[in-house]
Each structure stands twice: as C-alpha cells, then as structure tokens.
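Peer 1: There's a structure below that I have some questions on.
The values are calculated or read from the model by the stated rules, or taken from the named source; none is laboratory data. Because the structure is predicted, anything quoted here is derived from the model rather than measured. Cβ: placed from backbone, ideal geometry, glycine included. Neighbour counts: every protein chain shown.
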Amino acid sequence: MTTAFPPPASTPDGQAGAAVQPANARLVVENAEPAIEMDGVGKTFVLRRRAGRLRRERVDVPAVADLTFRINAGEMVGYLGPNGAGKSTTIKMLIGILVPSAGRIRVCGLDPSRQRMELARRLGVVFGQRTTLWWDLPLRDSFDLLRHIYRIPPDRFRENLDHFVDLLQMAPFLETPVRQLSLGQRMRGDLTAALLHDPEIVYLDEPTIGLDVVSKAAVRGFLAELNRARGTTIVLTTHDMTDIEQLCPRVLVIDHGRLGFDGELRDLRAQIGGERILVVDLTEPHPPIDVAGTRVVRVDGPRQWLAFPAGASAAPLVATVADRYPLIDLSIREPAIEDVIARLYTSGTEDPSDTRNSSGAEDFSGTKNPSGTEDVPGTEDFSGAEDFSGTDGNRPVPRQSGTSDTAASL
Amino acid sequence: MRGSVATYLTVARCSARRYAGYRAATAAGAFTNTVFGIIRAYVLLQVWHQQPGLGGYDASGVVTFVFLGQALITSMALFGGGIDLPERVRSGAVTMDMARPVSFQTWWLADDGGRAAVQLIIRGVPPMAVAALLFDLRLPTSVGTTSTGMASAGIGGVIGTWGLFAVSVALGFLVSFGLRYLIALTSFWLLDQRGLESAYTLCAVFLSGISVPLTIMPGALRGLAEALPFAAMMQIPADVFLGNRTGASLFAAIALQAGWAAVLLASGRALTARATRKLVIQGG
C-alpha cells in the first residue's frame, strides 16, 4: 500500500472538483456530529413454534437488547462477538433492512428503516461471505452498473475506479467474469463496489474471511488508508483478531445480544487481564526460577517462561531475575487478543476482576500450541500487539515484540 | 430516489449479456428449439390436413403459429423460472438486494426483461429462418393472402402489424413477469415455491396456446382460457402477428393484456411491500 488515496476533491479538472465539493464540506460538518447513534436498541424475533397437534405458540427470541453506543464520523470500530451474538442483526438494523423492536437508531442523522433508500446512497456494505458482483459478467460491468445505481458523476467514477484499480491491483482481472476470480480478487472487487460512490460509512462483515495472509494484509492496508485519507467511518465485524489489532483503536464487544465492552483495545486487554509472560534466556539450563509473584509455566533448556499478572509491573520482576540469575536475554509477551476476547465471552456478566488472575497461563503453556515448537500464538497476532501496548504509562518495561524473542536484550 | 431509467436499462443489459454469455448453451438452445418446432409443425400439419381451417387457421397460419410459440416459449418463460429471487431468498443474499437504493420490483423486471429480450432473439430468429426454408410461413408482409378474415393492406398495414405485435409481446412479457414475480415472492413465506411454479407451468403449457391454439378448444374452456393471463403470453401475440384479430377484437385482446399486466404488477408491488415488511420485522 504505497499509493495514497486522493483527498475527496483532488480532481485535476475543475468541473469534477466542483462536483465533489459538497462531499468535502460534508466531512467537515460531520466531524462535529456522530455518524451512528444507537440508543437502547433491541430486536426481538417472534417465532411460531408448534405446540401440540394444531396449536402454535408464540416464542419471543431476543436477538439484541439495550444496545447503546455512539460512533463518531471518521472512527474505525471493531464490532466483535461470537457467532449468534447479534452482530449481523445490528448491522442489518444500521442499514435499515431490519426494524428495531425497541430504542432509537440514527445513522447520518437518518432513521435507517424509514429512510433506507436515502441512507443507502451514503453507505457502503461488504459482506465477506456474499458478493454484490454479477457472477457471470466481467468485474467492470458490475462497477458500471453501480455508477448508475448511485448516480456517481462520470468524472468522479473514473477517478475512483482508477485509484481502486491501482491500489488493489485489479487491472489484470477487470475484464474477467467474476465467477473466474479467486476469492482474494473477488473481495477486492467487492470492496471497490462498496466504495465507488464515496460512502460516509462503510460496514464490513468479515472482509478478510478465507483470504490468505498477503490478501488480508492488502485489505487491511487499504481500509486503514481509506479511513485515514478520506475520513470514512468504518465498522468492522470480524473473527480475525489481527484485523482488529491492526485497524481498530476502538472495539465494541457484543455477547448474547448485549454490549459487553466499549472502549480501546488495550483497555479491554487490561480489564480482562489474564497474564503476561516473561521469557528469559539463561546462560545454561537451570532449575525453574523462583521469584515471588510469578510461576514458571514452561522450561525448555536455558529458556524459561514465567507468567505474572497482566496488571503487575514487569520492572521489579526483571530486576530481580537479572540480579539472581545468569540472564542473557528476555522478552515479554502480551496476552493474545483472541484469548482476551475468549475470556470476555466465557466470563459473561461476571465481574472481570474475578477472572483476572485465573486461567490465563494455560493459553500460553502449550495447550494452545500442541506442537510445542512455538509458544506464541502466531507471529501475525503477536506483532499487532505493539501498536497498542507502547503508550501505557504505568508499565515501564518497553514491551516491544516481533518475530524474535530477543526484544529487550540486556 | 428509486433509481433512474439508466439504472434499470443497465440492469437489463447486464442480464442480457449474462444470458448471451454462454455460447454453447445458446447455440444448443436455438438448435433444440428449431428441431422441436419442426416436429410440432409436422404434427399439427397432419391435423390441419385432415381438418383444414380448424380453429380459424390454414396450414401456413398454423405453422407460423408453431414457430411464434417456439420464439416466445422461453422469452415468456412458459416453463417458469427466469427470476432468481427465490434462490436469493434461500441463500440470504436478498439482504444485499434490499440494501440497494433501487426499486426491488423494477430491478427484477429489468433483470427478467434483459433475459427475455435475449431469448426472444435466440429462440425466435434462427428457428424462424430455418422454418422459412422448410415451410410456407405467413409473415405480416404477405398481405392479402390471408384466408382468415384479416386483410391489412399496404405497407402501412405491415408496419402497423409489426408494431402491434411488438406491443403485444411486450405486454405479454409484463403479464408473464407479473405472474412469475408473484410466485417468486411467495418464497419469502413458503419454504419452497416450486409447487406453485409447477402449477404455473402446467397452466401456461395448456392455457397459453403453446400446445395447441386456444381457438380449437371447446366452447366454455376456450372462453375461460382466452380470458386468463396465460393467453396474453402467447395466443394473443401470435394472433396479432397473424392478423387474426381486427378492430374491436384486436383492441379487446390488447386491452386484456394491458389489464392483466396492470393487475399483476400492482399486486406484485403490494406483495413486495409486505415481503419487505416481513423481512425487516422478522429478519432473513
């Protein structure tokens, strides 16, 4: 992702610049107000269940309840939750194709279900598991249709398309029927399809599902750039925590239809806690290190893994170990965000502090990696952590991380 | 707010390209259609040889009627289908369709229209061309040779007949779409709309005129068949083409088509609103 997005009005020719002027002005106005407001929103589905030979009974199935949050224009928010938690229900209500049974929703100041058509012009939607593209036709035809649907001015359309084609490297398959595209190519097409009309808000439901590492990285880079350069509000639903770690400063976690967490990713990590791991390399194999407040979860030759509470400072610990043992090298690992989220789901409505110091270590001590060859949950997940860990003031040890274990050499 | 004409024309064009895209399937379709047309023509010619003038058609009239049926059979979707909506309801993809800022019904009309146009050409022109080599067809140009009462004179009459035929085919398509769209919409409520589709196909095959001209049916059945929307899909356009209807009779036939089209499209519109309401309240 070396090419940057143009600012919305950067057209070479004056007429097109004038045509998109309102879009530019719009951004300024909207920064002052929320893009999405949910106020006590609930959705209950009514099912008829057979109860006896002829009788049918009415069953209320609450999908989401009492959702209240607000997303400002220009934010990039991760919307997380296990399957069936109510993520799609929420997105459908935000698009206006599902009417809430309680509460109030405003998107761009509009009531989505009442002003669905008007709102649709200002939204982009990508469902990773579905496509809006015409299966049998070249990619370009689908884009051309969107130009008419959204009444995109021809100059603007051409400019946007050129940029997306360039940025997502779609030129080689622009004339290929969609059915012949690979999943990664198709996803790039779907992303473009959702963005050609310069939407103010984009909902992405699992945009990286099924993609390989390279394609995932391309999609993430693209979204980050879109958010940064155009100020597009992005709401991202995903099960891939790397998406969240790399893209979303803010996360909303929904479980059993209720909002379980709304805040910054690092706060989520701190709140749910678990344990951090201090990995030390000694000069030679040594019996398990005995330092107060830690426990050794694994020993492998001269290397040992010490778990300690995520909330505790690592500095005294490092000092003690360095003082008493022949230390060559050490590094500190954050709890993987998967584990944090998983803990949030399983802990349900319990007080998070109860779960803080329990069960964290298992995640690191080999059960997660039966092979035993590598104890981090994948370098990809790991490398994302540094984006969110460095600014936390009360933890003095620099928690750099990367693909190697030798992050804080002595 | 509901989408421009250009939008729907583009939808129709995309749909048409989609149906024209599979060359082998297209060629096979045209070939099969021609062969079946020839077989049907010979069968009916035998009948008309025994009973000349049956149902008001002479031999060349009934052969032309057969190939008009071949031209219209897939265009009017007399065997059902053509609208992918039920599939999209089942898969949940209909959610994405609803998210577009366009009229749902008009979108599908445009989509089906593109399909119908392509199939009218593919299934109409090659079989008709082959038939013209094998049989004595009655085209609107052969003025004055009609033995069935109609005599449209002069070049103006010819153009008029082709024009009326085009109008009648277009109205017939709207009727066909209207019915099939209603059936497709039921997939929002029914788990499977195929039962209704089968009923449609059965009715269309026997009541549209594709099997035999409705005019040879006995009294009451003929009256019923000629009043139902299925007649609008094949019998009426064919009669307009052959010049079998004139004056008040012609006007009544076109009006019947227009009336059914209006009723069915309005019902489709109402049912679309209910389907949308169901979807937005009940979920996908």
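Peer 1: Can you pull out the residues in segment B:240-266 that are among the polar types (S, T, N, Q) and farther than 16 Å from B:Leu171 by Cα?
Peer 2: B:Asn244, B:Thr246, B:Ser249
Peer 1: Now, a different point. Looking only at residues that are among the polar types (S, T, N, Q) and assigned to a loop (DSSP other than H, G, I, E, B) in segment B:205-237, which one is surrounded by the most Cβ atoms within 10 Å (Cβ to Cβ)?
Peer 2: Among those residues, the one meeting the criterion is B:Ser208.
Peer 1: Now for a separate question. Within segment B:93-105, can you find the residues that are more than 7 Å from chain A (Cβ to nearest Cβ) and either in contact with a helix residue (DSSP H, G or I) (Cβ under 7 Å, 6 or more places away or on another chain) or assigned to a helix (DSSP H, G or I) (or both)?
Peer 2: Selection gives B:Val94, B:Asp97, B:Phe104, B:Gln105.
Quick grid of which residues meet (1) surrounded by 22 or more Cβ atoms within 10 Å (Cβ to Cβ); (2) at pLDDT 85 or above; (3) farther than 15 Å from A:Ala342 by Cα:
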{"residue": "A:His256", "(1), (2), (3)": "no, no, no"}
{"residue": "A:Phe261", "(1), (2), (3)": "no, yes, no"}
{"residue": "A:Glu264", "(1), (2), (3)": "no, yes, yes"}
{"residue": "A:Leu268", "(1), (2), (3)": "yes, no, no"}
{"residue": "A:Gly274", "(1), (2), (3)": "yes, no, no"}
{"residue": "A:Ile277", "(1), (2), (3)": "yes, yes, yes"}
{"residue": "A:Val280", "(1), (2), (3)": "yes, yes, yes"}
{"residue": "A:Pro287", "(1), (2), (3)": "no, yes, yes"}
{"residue": "A:Asp290", "(1), (2), (3)": "no, yes, yes"}
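Peer 1: Strands (runs of 3 or more DSSP E) wholly in segment A:33-96 with at least 3 residues that are more than 22 Å from the chain's Cα centre (by Cα) and not aliphatic (A, V, I, L, M) - which ones?
Peer 2: A:34-50, A:56-72
Peer 1: Determine which member of the set A:Ile149, A:Ile201, A:Ile95 is buried (at least 21 other Cβ atoms within 10 Å of the Cβ), touching a Ser or Thr at 6+ places or on another chain (Cβ under 6 Å) and at the interface with chain B (Cβ under 8 Å from one of its Cβ atoms).
Peer 2: A:Ile149
Peer 1: Given the conditions (1) at pLDDT 85 or above; (2) under 30 Å from A:Ile71 (Cα atoms), report the number of the one that A:Thr242 does not fulfil.
Peer 2: Against the list (1) at pLDDT 85 or above; (2) under 30 Å from A:Ile71 (Cα atoms), A:Thr242 comes up short only on (1).
Peer 1: Filter segment B:92-130 down to the residues that are acidic (Asp, Glu) and modelled with pLDDT of 90 or more and list them by number.
Peer 2: B:Asp111, B:Asp112
Peer 1: Given (1) more than 14 Å from every other protein chain (Cβ to nearest Cβ); (2) on the phi < 0 side of the Ramachandran plot; (3) in contact (Cβ under 8 Å) with a residue 40 or more places away in the chain, identify the lone condition not met by B:Arg90.
Peer 2: The number of the failed condition is (1).
Peer 1: For residues in segment A:118-146 being at the interface with chain B (Cβ under 7 Å from one of its Cβ atoms), under 24 Å from the mean Cα position of the chain (by Cα) and not basic (Lys, Arg), which is nearest to B:Val94 (Cα to Cα)?
Peer 2: Per the criteria, the residue is A:Thr132.
Peer 1: Turning to a different aspect of this structure: Identify, by number, the condition in (1) in contact (Cβ under 8 Å) with a residue 60 or more places away in the chain; (2) crowded, with 21+ Cβ neighbours inside 10 Å; (3) more than 11 Å from chain B (Cβ to nearest Cβ) that A:Arg106 doesn't meet.
Peer 2: Of (1) in contact (Cβ under 8 Å) with a residue 60 or more places away in the chain; (2) crowded, with 21+ Cβ neighbours inside 10 Å; (3) more than 11 Å from chain B (Cβ to nearest Cβ), only one is false for A:Arg106: (2).
Peer 1: Considering each residue of segment A:58-90, count those that are among the hydrophobic types (A, V, I, L, M, F, W, C) and at pLDDT 90 or above, and give that number.
Peer 2: Result for segment A:58-90: 8.
Peer 1: Let me ask something else about it. When you scan segment B:12-27, do you find a residue that is surrounded by 14 or more Cβ atoms within 10 Å (Cβ to Cβ), touching a residue at least 40 places away in the same chain (Cβ under 8 Å) and farther than 30 Å from A:Tyr150 by Cβ, even just one?
Peer 2: Checking segment B:12-27: at least one residue is surrounded by 14 or more Cβ atoms within 10 Å (Cβ to Cβ), touching a residue at least 40 places away in the same chain (Cβ under 8 Å) and farther than 30 Å from A:Tyr150 by Cβ.
Peer 1: Another one. Can you name the condition, by its number, that A:Phe164 falls short on among (1) closer than 30 Å to A:Lys87 by Cα; (2) in contact (Cβ under 8 Å) with a residue 40 or more places away in the chain; (3) surrounded by 18 or more Cβ atoms within 10 Å (Cβ to Cβ)?
Peer 2: (2)
Peer 1: Give the number of residues within segment B:108-122 that are over 12 Å from the mean Cα position of the chain (by Cα) and buried (at least 21 other Cβ atoms within 10 Å of the Cβ).
Peer 2: So the answer is 7.
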